[in-house]
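Below is one structure, written out as structure tokens; comments come after it.
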Amino acid sequence: MPSLPRVAGTVVISKLALQRVFHNLRDAGFSLVGPTVQDGAVVLEEIARIEELPLGWTDEQEPGRYRLKSSGEPEYFGYGVGPQSWKKFLLPPRLGLYSAVKENGNWLFQPPQNSAPHYAFIGVRSCELHAISIQDRVLLSGEFRDPHYARRRERIFVLAVNCGKANSTCFCTSMKTGPRVTGGFDLALTELPQVFVIEIGSEVGSEMLRDTPWEPASAFNLSRAAQVSERAEREVERRLRTDDLPKSLYDNLEHPRWDEVATRCLSCANCTQVCPTCFCVTVEDTCNLKATAAERTRVWDSCFVLDFSHVFGGNIRPSIRSRYRQWLTHKLASWIDQFGTSGCVGCGRCITWCPVGIDLTEEVNALREKAVR
Amino acid sequence: MSVAISPADVRMMRDPMLPNPAVIRAIKPEANGISTFSMEFVDADEAAAYRFQPGQFNMLYLPGFGEVAISLSSSPVEPRVMGHTVRVAGSVTRAISRLKVGDLVGVRGPYGSSWPLEKATDKSLVIVAGGIGLAPLRPVVLSILHQRDAFGRVVLLYGARTPGDLLYTGEFDQWQKGEIEVHVTVDLGDEHWRGDVGVVPQLFYRIRVDHRQTLVLTCGPEIMMRFVIYEALARRIPKDAIVLSMERNMKCAVGFCGHCQFGPTFICKQGPVLSFAAIEPFFGKEDF
Amino acid sequence: MAEITPWQGGFLANFSPRVQEKLLSVAETFQYKAGIDVFHEGDPSLYLYIVKSGHVAVEVHIPSKGRRTILTASPGDVFGWSALVEPRIETASARAVEEAEVLGIKGGALMDLCREDSALGFEVYRALAEVIMARLIATRLQLLDVFAVG
């Protein structure tokens with residue numbers, strides 16, 4: 001048997017053998033980041049060993065509610081998406097843009113000394129892969145391209161995972177972003193009770209199985225892997241109708257529902273922080289006391305922040321109503337005109353992490369109803 | 001991965017946020033609290049290569065204070081020295097107002113869309129400006145004067161709050177000599193003012209237009225532009241022959257930060273110059 | 001004769017009974033709860049309105065500053081005259097300040113009446129001109145800012 005599986009093939013490894021894959025990734029210079037339990041949630045952090053994955057954990061998600069609990073199953077990936085997304089690494093919350101230094105009366109603008117690690121993303125779900133692809137369009141496909149994003153993006157290794165279950169807040173099937181991973185990965189895992197079934201997506205992916213005991217996947221295992229995805233798909237309950245977008249939102253900018261949701265929305269910006277496609281940023285300026293050195297730092301921003309729309313004399317969107325409307329119409333309507341796809345991947349994070357449990361699928365349906373004043 | 005960027009591609013990618021140093025060559029007071037700052041890139045090659053179209057803007061960086069988007073108000077025919085007419089509106093513009101000749105700023109640009117002068121050659125052009133809104137339209141006037149025969153009738157309707165707020169008044173004689181009809185008004189006169197008093201849209205009543213071949217270019221406070229559009233529509237000027245320049249909060253000017261969005265339009269990319277026909281569904285929507 | 005209610009003593013009192021009847025024949029009554037818009041700036045202007053009860057604020061929206069009231073219409077007052085002046089687009093918004101009932105005279109139908117019946121047309125536009133002139137004089141006074149110090 002050849003020592004490495006062929007690309008586009010599917011193999012089976014024992015679960016513990018995943019540690020060998022981690023090892024190979026480390027040796028190849030990748031920094032592994034993946035899900036781990038911290039402070040009662042599954043977050044994305046640097047990991048080295050498979051024991052750091054949330055083995056035996058599962059999650060319950062509902063509008064405004066997230067709880068981890070023991071699943072009783074020896075599963076490494078038996079939960080949905082947590083509050084963080086991979087944009088934490090590709091579009092870091094704080095990034096030095098450049099510094100300005102005064103030398104001999106001249107200002108010199110110097111690029112930052114940021115290091116861009118080679119990330120290996122462990123456990124990427126299908127909706128998250130689509131979200132990365134959506135951010136690619138925003139930051140890499142226009143007249144201007146973001147080199148900071150490009151540097152991080154170009155280097156990533158993607159070890160994707162096919163979801164084994166759906167949370168109540170998931171609606172990837174409506175957005176055609178899952179539950180099964182269909183491309184854009186180096187390796188894609190489906191977890192079965194004893195083994196991982198792994199699709200090889202690239203040469204590099206194949207390389208990472210060096211010295212790992214693997215076998216070609218049997219028809220039986222392929223069938224069981226397919227059933228895992230089918231089960232996850234059946235479990236998706238939430239739906240978002242998309243065929244009339246963007247028009248149905250553009251036509252209802254004065255609908256009374258906006259007033260109603262504004263009585264609940266706190267403008268806390270949680271949704272924009274947990275959303276894997278939200279990309280808004282701002283720039284902070286600092287300088288030393290002698291004004292001979294200054295720095296510019298890019299930081300995450302949110303359209304829910306009052307000053308986001310500040311112009312001379314005031315703010316264009318002074319009310320929560322106007323800011324919620326901006327967020328929802330951008331995410332589900334204007335994004336389509338801007339970038340050719342919806343801005344939403346149906347991951348459900350905004351629904352889970354909204355402190356008052358606002359559900360955008362419910363809001364859009366209400367906005368479609370004929371306005372009764 | 002789903003996007004094809006090669007390592008070589010990435011290495012070559014220039015950061016669009018990085019400015020270049022430029023030196024202030026001249027400062028000219030124009031009106032109450034407003035001056036034009038003319039600057040030139042320090043690097044000789046950058047200075048020689050710089051070009052812009054009327055309506056575009058640069059991002060001006062004051063280290064320690066921040067960046068601000070300011071329209072170019074100088075002549076596109078002489079692009080080497082870039083003129084920016086600046087009104088104090090916040091901490092960055094206040095820092096700019098304290099600059100002296102010889103000081104350095106960071107500049108990157110030009111960005112944004114431009115006034116469709118190519119559509120004006122077979123039409124009458126009506127330029128309607130309010131307050132500092134004349135600044136991004138001055139390059140239009142200068143371009144026309146440079147090539148007067150290429151254009152037909154050109155009218156300027158301009159107004160500001162008080163006589164002390166009017167820009168470029170010293171140039172109006174020259175513009176009129178260049179066969180540009182200039183009509184000026186103020187909202188509130190003073191004891192010396194002998195000109196018109198009234199709001200800018202009212203100046204439409206001083207001219208006659210053939211709606212079939214008139215192009216309107218307008219820039220000023222959004223509420224003024226709403227009423228200018230109203231007057232233009234009342235004269236049956238088609239929606240795609242009414243062009244305006246919009247303003248929104250800008251942090252990057254290259255479509256990454258999300259701040260300047262107006263519906264699906266990024267003011268920094270598809271704007272700031274936009275045809276009314278293109279934005280009609282959203283223009284005038286409250287708090288949008 | 002029936003007692004003239006305050007609103008009938010306003011704009012409608014300018015007209016002869018014959019003309020009043022014709023105006024009412026192309027009119028409808030609308031009710032608005034407090035805070036609800038009667039129309040929005042930029043909307044096609046379809047009706048000439050007369051306030052029957054309550055109060056309506058005519059407002060202009062200034063981006064980043066919100067809505068400013070430029071006029072308050074009381075019972076008998078007319079507003080929304082853009083319905084009779086091209087390009088027949090509302091130049092301001094109107095909002096019921098408290099629960100209000102308004103009479104809406106269909107603009108298109110009224111203009112047809114004015115064309116067919118020039119005597120009626122003259123009465124309507126003359127009455128309208130008087131209202132608009134009174135408003136203009138008031139606006140000029142506002143503009144002169146006579147209370148300003150210095």
When only residues in the range B:191-231 that are without any contact (Cβ under 8 Å) to a residue 12 or more places away in the chain and in a helix (DSSP H, G or I) count, which is farthest from the other protein chains (Cβ to nearest Cβ)?
B:R212
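Taking into account only those residues within the range B:232-248 that are crowded, with 20+ Cβ neighbours inside 10 Å and of a type outside the set (G, A, S), which is farthest from the other protein chains (Cβ to nearest Cβ)?
Of the residues in the range B:232-248, the ones crowded, with 20+ Cβ neighbours inside 10 Å are B:232, B:237, B:241-245, B:247-248.
Applying the additional criterion that residues be of a type outside the set (G, A, S) yields B:237, B:242-244, B:247-248.
On the way: B:I237: 10, B:I242: 13, B:V243: 18, B:L244: 13, B:E247: 6, B:R248: 7 Å.
Residue satisfying both the conditions and the ranking: B:V243.
Find the helices (runs of 4 or more DSSP H) located wholly in the range A:186-304 whose residues include 3 or more that are out of contact with any His (no Cβ under 8 Å at 6 or more places or on another chain) and closer than 22 Å to A:I351 by Cβ, and list them. Can you show your working first?
On the way: elements: A:203-207, A:219-235, A:247-250, A:256-262, A:270-274.
Where helices (runs of 4 or more DSSP H) fall fully within the range A:186-304 and carry at least 3 residues being out of contact with any His (no Cβ under 8 Å at 6 or more places or on another chain) and closer than 22 Å to A:I351 by Cβ, they are A:219-235, A:256-262, A:270-274.
Just to be sure I understand, how many residues within the range B:96-108 are more than 21 Å from the chain's Cα centre (by Cα) and either among the aliphatic types (A, V, I, L, M) or closer than 12 Å to B:S35 by Cβ (or both)? Break it down into steps so the answer makes sense when it comes.
Initially, the range B:96-108 is screened for residues more than 21 Å from the chain's Cα centre (by Cα), giving B:98-104.
Now narrow it down to the ones that are either among the aliphatic types (A, V, I, L, M) or closer than 12 Å to B:S35 by Cβ (or both): B:98-101, B:104.
Result for the range B:96-108: 5.
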Looking at (1) more than 22 Å from B:V254 (Cβ to Cβ); (2) more than 12 Å from chain A (Cβ to nearest Cβ); (3) modelled with pLDDT of 95 or more, which is the only condition B:R87 fails?
(2)
When the residues of the range B:218-231 are filtered to those that are within 21 Å of B:P54 (Cα to Cα) and either not aliphatic (A, V, I, L, M) or not assigned by TED's automatic domain parsing to the domain that holds B:L203 (or both), which remaining residue is surrounded by the fewest Cβ atoms within 10 Å (Cβ to Cβ)?
B:E222
Among what's in the range A:149-180 and is surrounded by fewer than 23 Cβ atoms within 10 Å (Cβ to Cβ) and either at the interface with chain B (Cβ under 9 Å from one of its Cβ atoms) or β-branched (V, I, T) (or both), pick the residue that is nearest to A:C347 (Cα to Cα).
A:T173
Breaking point among (1) closer than 30 Å to B:P19 by Cα; (2) touching a residue at least 12 places away in the same chain (Cβ under 8 Å); (3) surrounded by 15 or more Cβ atoms within 10 Å (Cβ to Cβ); (4) not hydroxyl-bearing (S, T, Y), for A:W57
(1)
Being hydrophobic (A, V, I, L, M, F, W, C), facing another protein chain (nearest Cβ under 10 Å), under 26 Å from A:V138 (Cα atoms) and surrounded by 19 or more Cβ atoms within 10 Å (Cβ to Cβ) is true for just one of A:C280, A:C271, A:C275. Which residue is that?
A:C280
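Of all residues in the range A:296-321, count the ones that are touching a residue at least 40 places away in the same chain (Cβ under 8 Å) and facing chain B (nearest Cβ under 9 Å).
Summing the residues that are touching a residue at least 40 places away in the same chain (Cβ under 8 Å) and facing chain B (nearest Cβ under 9 Å) in the range A:296-321 gives 4.
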Any residue in the range A:95-112 that is in a loop (DSSP other than H, G, I, E, B) and more than 12 Å from chain B (Cβ to nearest Cβ)?
no
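Going by what's in this entry, would C:A94 be described as more than 30 Å from C:E116 (Cα to Cα) and either in a strand (DSSP E or B) or of a type outside the set (V, I, T) (or both)?
Working: more than 30 Å from C:E116 (Cα to Cα): yes; either in a strand (DSSP E or B) or of a type outside the set (V, I, T) (or both): yes.
Yes.
Against the condition surrounded by fewer than 16 Cβ atoms within 10 Å (Cβ to Cβ) and either in the same structural domain as B:V216 (by TED's automatic domain parsing) or not hydrophobic (A, V, I, L, M, F, W, C) (or both), how does B:D165 come out, does it pass?
On the way: surrounded by fewer than 16 Cβ atoms within 10 Å (Cβ to Cβ): no; either in the same structural domain as B:V216 (by TED's automatic domain parsing) or not hydrophobic (A, V, I, L, M, F, W, C) (or both): yes.
The answer is no for B:D165.
The values are calculated or read from the model by the stated rules, or taken from the named source; none is laboratory data. What you see is a predicted model; the values in this text were computed from it and never measured. Every residue, glycine among them, receives a Cβ derived from its backbone with ideal geometry; neighbour counts consider all protein chains shown.
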